[in-house]
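As structure tokens, the structure follows; a few thoughts come after it.
The values are calculated or read from the model by the stated rules, or taken from the named source; none is laboratory data. Predicted model only: the values in this text are computed from it and were never measured. Cβ coordinates were reconstructed from backbone atoms using ideal geometry, including for glycine residues, and neighbour counts include every protein chain displayed. Side chains are part of the model used for accessible areas, which takes the heavy atoms of the whole protein and leaves out ligands, DNA and RNA. Shrake-Rupley method; radii C 1.70, N 1.55, O 1.52, S 1.80 Å.
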Amino acid sequence: MSFSIAQYEALMEKLDSGIRELSAKLGEVGPATRSAAGRWYVPDEIGDALVWAGRELVEIGSWVLKKIQELLEGAAAPVLMFKYAWEWQEDVRSPASLVAGEVHSDVLKAARSWQGTAADAYATAVKTQTTAVTQIETSADKIATSLGLCAVAGFAFYVALGAILYKFIAATIAAITAAGTGVFSWAGVVLIVEECGVNSALIIAAVTALSAALGAQAQQIATIQGEAGDNSAFPGGHWPAGTA
């Protein structure tokens, strides 16, 4: 999956719409199940089970709704990560790549007309500049890649949340419809409760998958931080002097 700001914004709008719809539908569950349970031809045990299942649906549906709203508090992060990834590529890696190419010993014009001890010392000293700027180029590319992967992981996470949300909306509508038509049974009660549990588990699984993806990228960033202090590229943790 690639990252598109336009597609992501459309996804957020769909999630906002879904939250409003689910909230409205959950408000219809209680009256629908109580009305169905009160019909003269509905046995008491089925009626009681129907009311209980309605309460379960509202309770777990409210949990799903609240959890999705909490998770949406971080909805800006994928967009920011995508923008930062672009900036690391354009503002850091690209200029560093240009400098690395210009100071490489194979392309330095001075080496073509300047010979002797001083020229040799200059060529040796400038290699440290090449090493340092190449390390910046490499690290910037890794950071941009990690940020891009985090943005994509966040996008995939909210896509999964959207699928769960609309799946739950469909189940809630089905429950209201079944109660309204009187087509209900113990099997229907069990299906509603199972649907509640499945959707809750799916949210937990989505959060776990996102945490694993972000954790892997955090380890990569830690590795990059270590590279920034590499003495072979940055002696003593500083930019090389460039003089012999």
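If you go through the stretch 17-35, how many residues are under 31 Å from the mean Cα position of the chain (by Cα) and within 17 Å of Gly47 (Cα to Cα)?
The total comes to 0.
Of the residues that make up the stretch 177-194, is at least one under 30 Å from Arg39 (Cα atoms), modelled with pLDDT of 75 or more and either open to solvent by 40 Å² or more (accessible area, probe 1.4 Å) or aromatic (Phe, Trp, Tyr) (or both)?
Yes, that holds for at least one residue.
Please determine whether any residue of the stretch 98-116 is assigned to a helix (DSSP H, G or I), modelled with pLDDT of 80 or more and within 30 Å of Leu80 (Cα to Cα).
Within the stretch 98-116 (the criterion being assigned to a helix (DSSP H, G or I), modelled with pLDDT of 80 or more and within 30 Å of Leu80 (Cα to Cα)), the answer is yes, since at least one residue qualifies.
Report, by residue number, each residue of the stretch 43-59 that is open to solvent by less than 70 Å² (accessible area, probe 1.4 Å) and of a type outside the set (Val, Ile, Thr).
Hits for the stretch 43-59 are Pro43, Gly47, Ala49, Leu50, Ala53, Gly54, Glu56, Leu57.
Taking the stretch 43-58 only, how many residues are assigned to a helix (DSSP H, G or I) and free of Cβ contacts under 8 Å to residues at least 40 places away in the same chain?
Here the count works out to 7.
Find the residue count for the stretch 17-42, including only residues that are open to solvent by 30 Å² or more (accessible area, probe 1.4 Å) and touching a residue at least 24 places away in the same chain (Cβ under 8 Å).
7
Run down Trp63, Trp52, Trp40 and say which single residue is under 32 Å from the mean Cα position of the chain (by Cα), at pLDDT 80 or above and among the aromatic types (Phe, Trp, Tyr).
From the options Trp63, Trp52, Trp40, the qualifying one is Trp63.
Inspect all residues belonging to the stretch 14-36 and state whether any of them is farther than 23 Å from Phe168 by Cα and among the acidic types (Asp, Glu).
Checked the stretch 14-36: no residue is farther than 23 Å from Phe168 by Cα and among the acidic types (Asp, Glu).
Evaluate the following for Ile19: is it β-branched (Val, Ile, Thr) and within 22 Å of Phe157 (Cβ to Cβ)?
yes
Condition (residue is modelled with pLDDT under 80, surrounded by 13 or more Cβ atoms within 10 Å (Cβ to Cβ) and in a helix (DSSP H, G or I)) applied to the stretch 80-91: is it met by at least one residue?
no
Checking Leu161 against (1) modelled with pLDDT of 70 or more; (2) closer than 29 Å to Ile224 by Cβ, which test does it fail?
Single failed check for Leu161: (2).
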